[in-house]
Amino acid sequence: MRAFYHPDQAVHSPQQFMRYGKFVPIKDSPVRTERLLGALARHGITPELPAEHGTAPALTVHTAAYVRFLETAWENWAKLPDHGPEVWPQYFPYWSGRVEETARPDCPATGFIGQVGWYLGDLSVPMGPDSWRSILRSSETAVTAADAILAGDRSAYALCRPSGHHARADRGTGFCYLNNSAIAAQRLRSRFKKVAIIDVDIHHGDGTQQIFYTRPDVLTISIHGDPIDFVPFYTGFANETGYGEGEGCNLNLPLAAGAGGAEMNAALDKAIAAVRAFGADALVVALGFDAHRDDPIGIFKLDAKDFGSVGSKMQSPDLPTLVVQEGGYGIDAIQDCLDSFLTGFSKT
């Protein structure tokens, strides 16, 4: 399997995160990429540098105003008097939740502070002076891996950081800024008529769902912790099945806290059956490792070996498959998780 990664993805080094009313060190630390690179090395895989694509691929799923906000966020923040160490929202607008809208209007406020609250949707997406560089490189990594699939490779792995599946068309949340998996899926649509996304990160892929919710050409499937009392709380329920032309093209498979390998495998069987019924021509795997029992913000009980089964099952549809790295914050576990996944994926 070819893999892609750019060292610039490590320069995003966020300092603060709000959890249970306290400022705590953010979980998406640069050391995550070191551990994942270690797993690739175990398999004799040397990541290739992604090509520079700029913002054009991101603009196929994100609004221009949102991408421009991310690109200039630190520059505008640094102009504020007595500003803090990172761009951080302090106001949040009301959103109606209307599923027929692919994105909200551009931010009506011209002041930068108002724009921060419009485009950054929670307190887990701080931005420092180097964040945009990592964000852009992360998206370019996914695009370059997608291009490898378009060129004929049967599989590719994009080591993306920051992650992307919580990023909506016009808003970042949950450590995510640009939706790498969605950008890659849209890239694959240039050749493949139908693309399926299976997201196994423990958190619902709410951004990916929103981006494709009204479309019949991309099937979005998310296996995650039940949002009735788990982040992101407001989406990820089983009755969210798509809207308009996209009706029936979104499948949520929430699992109860404490779920382990058996529950994950059963959900994966349902997901793969849906991929087959959809008639997908290519598959994107949004791969998170925060379902591991030792993840500091997870609620599942998977072991590293369980991700070997995930890898094996992702081969069963026999489709060109792009694996995009999402979350996973158990620093001492994620290397073994990726190692296991790659082993399972290669055995089939």
From S29, S96, residue being under 30 Å from L322 (Cα atoms) and polar (S, T, N, Q): S29
Go through A156, A151 for me and flag whichever is small (G, A, S), under 22 Å from the mean Cα position of the chain (by Cα) and closer than 21 Å to G54 by Cα. A156
Hey, does region 116-138 have a residue that's out of contact with any Gly (no Cβ under 9 Å at 6 or more places or on another chain), over 19 Å from S13 (Cα atoms) and not aliphatic (A, V, I, L, M)? yes
Among (1) over 30 Å from A146 (Cα atoms); (2) in a helix (DSSP H, G or I); (3) touching a residue at least 12 places away in the same chain (Cβ under 8 Å), Y91 falls short only on (2)
Go through the residues of region 334-343 one by one and say whether even a single one is touching a residue at least 40 places away in the same chain (Cβ under 8 Å) and within 15 Å of T220 (Cβ to Cβ). no
Of all helices (runs of 4 or more DSSP H) completely enclosed by region 199-317, which ones contain at least 3 residues that are farther than 24 Å from S124 by Cβ? 261-278, 306-315
Positions within region 295-312 being touching a strand residue (DSSP E or B) at 6+ places or on another chain (Cβ under 9 Å) and among the basic types (K, R), in sequence order: K301
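A short reminder: the numbers here are calculations on the coordinates, not readings from a lab. It should be emphasised that the depicted structure is a prediction, and the values quoted were computed from it without experimental measurement. Using ideal geometry, Cβ is built from the backbone for each residue, glycine included, and neighbour counts are taken over all protein chains shown.
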